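Novice: Following this message is one structure expressed as structure tokens.
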Amino acid sequence: MLENYLNIIDDIKATVVVDNDGLVFASTLKSDLEDLVMSALTAHMQTLSERIKQESDSGYFKNLTLEMEKQKFIFNEAGPEHLLLTVVDKDAGTDTIIKYAQIVAEKIAKILNGEPTSLKLEKIHEKPVAVEKEEPKPIKKCVFKVVIVGEPRVGKTSLVVKFAKGRFESVYKPTLGVDVIKHSYEYNPNVHLIFTAWDISGQASFKKLRRSYYPNTEGFFVIYDTTDKESFDRVNDWIEEIQQYDTKNSIFVLVGNKIDLEDERVISKEKGDKKAKDLGVYFYETSAKTGRNVNDLFYYLGEKIVEKRKIKGSD
């Protein structure tokens, strides 16, 4: 019985049957570890005997695990007068060993009592622990409207196309009234942003018409060309035109475009930043041609809108 028990689990180094006074009744050890195990048993036997006697005298002894410096000693009650001692390495897992030990201890109790029992040990097949799959969090969709204004040729359409479609239109095509582009992107794994960008013509002849497109807008981009002073000087007029359609959630961003044309720049970044601060709006510089800061601009707008709506990406 003890041989079968010893060989069924590699981590078991020795098995010993002792009586309640700690005297060895039977034992089996792995031959290559005999000296090591016996020295450990000898060194700790007094402590073990005292602990065994203390536990058994209390009347509550059933099984016990003691951890020493290099070994673990697992005790199981094997009838009223004997105990099964299992010796394993200190770092060995004991859950499965304890299950076998309880079975072996019951068989030993029957043998010592003269009752018939099988000496074989059936392999215990551990059921895999069912891992609860975390339910995917529902994706929240945040839909908002962006209106883009500014003088003709400042690159309003190019900015939207660069972000939404990843390309740059090198040939200027004036917007006739308004162009609407719908685009969505992932703000985080649980929040998707969906916006409609209203690229509104900057030509004076469309002034009355474009005002019908301003209501219910959460994001306003006022674009100027960093190489064109006149487009910068007209920023205040554009702010005045759209500001009356401000809502409590509206975000205004002043955008200096065409920073790739550094040699032609006439409006410095510092001047643009000061203008934004004077107007009480956010500020960005971009290049629709190279894509510099274009994604950041739209992501920044989405972030601010999410914050104002108090949308949480994870609960």
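Values quoted throughout were computed directly from the atomic coordinates according to the rules given, and no laboratory measurement underlies them. Just so you know, these numbers come straight off a predicted model, no measurement behind them. For neighbour counting, all protein chains shown are included, and Cβ atoms are generated from backbone atoms with ideal geometry for every residue, glycine included.
Novice: Under a point spin-label approximation (7 Å from Cα along Cα-to-Cβ), what is the ARG309-ILE9 distance to one decimal in nm?
Specialist: A separation of 5.7 nm, rounded to one decimal place.
Novice: Right, something else. Could you compute the FRET efficiency for TYR300 and LYS141, with r as their C-beta to C-beta distance and R0 at 22 Å, rounded to 0.05?
Specialist: So the FRET efficiency works out to roughly 0.70.
Novice: Another question, if that's okay. Return the long-range amide H neighbours of SER27 (sequence gap of 5 or more, or a different chain), with a cut-off of under 5 Å between placed amide H atoms.
Specialist: Those qualifying (amide H under 5 Å, at least 5 residues apart or on another chain) are VAL17.
Novice: Rank-order 149-159, 278-288, 227-237 by packing density, defined as the average count of other C-beta atoms within 10 Å over each peptide's residues, highest first.
Specialist: 149-159, 278-288, 227-237
Novice: In addition: Hey, fewest Cβ within 10 Å first, where do VAL222, VAL143, VAL306 land in order?
Specialist: Arranged by neighbour count, lowest to highest, VAL222, VAL143, VAL306 become VAL143, VAL306, VAL222.
Novice: Distance check, please: which entries in LYS13/LYS120; LYS162/LYS304; LYS248/LYS289; LYS140/LYS229; LYS141/LYS207; LYS140/LYS248 exceed 31 angstrom between their Cα atoms?
Specialist: Values: LYS13/LYS120 19 Å; LYS162/LYS304 21 Å; LYS248/LYS289 33 Å; LYS140/LYS229 42 Å; LYS141/LYS207 33 Å; LYS140/LYS248 22 Å.
Violating the 31 Å Cα-Cα cut-off are LYS248/LYS289; LYS140/LYS229; LYS141/LYS207.
Novice: Which of the peptides 256-262, 244-250 is most tightly packed, and how do the rest follow, judged by the mean count of other Cβ atoms within 10 Å per residue?
Specialist: Final packing ranking: 256-262, 244-250.
Novice: Still on this structure, please answer the following. What nm distance separates the two modelled labels at ASP246 and GLU186, each placed 7 Å from Cα along Cα→Cβ?
Specialist: Distance between label points: 3.6 nm.
Novice: Same structure again: What ranking, highest mean first, results for peptides 79-86, 270-277 when packing means the other Cβ atoms within 10 Å averaged over each residue? Walk me through the numbers before you get to the answer.
Specialist: Values: 79-86: 20.2, 270-277: 15.1.
Ranked by mean Cβ neighbours within 10 Å, highest first: 79-86, 270-277.
Novice: Further, regarding this structure: Can you classify the stretch 140-309 as rounded, prolate or oblate using the Cα gyration tensor, where a ≥ b ≥ c are the square roots of its eigenvalues, rounded means a/c under 1.5, and otherwise it's prolate if a/b beats b/c and oblate if not?
Specialist: rounded
Novice: If you don't mind, another one. So how do THR94, THR217 line up by other beta-carbon neighbours within 10 Å, fewest first? Don't skip to the end; give the middle numbers.
Specialist: Details: THR94 15, THR217 20.
Sorted ascending by nearby Cβ count, the order is THR94, THR217.
Novice: Quick one: go through the stretch 228-249 and flag any residue whose amide nitrogen is under 15 Å from the point 7 Å out along the Cα-to-Cβ line of LYS274.
Specialist: 233
Novice: Placing +1 at every Lys and Arg Cβ and -1 at every Asp and Glu Cβ, with all other atoms neutral, what dipole size does the stretch 140-309 have around its Cα centre, in debye to the nearest 20?
Specialist: Details: 29 positive and 25 negative charges, 123 e Å.
Charge dipole of the stretch 140-309: 600 debye, to the nearest 20.
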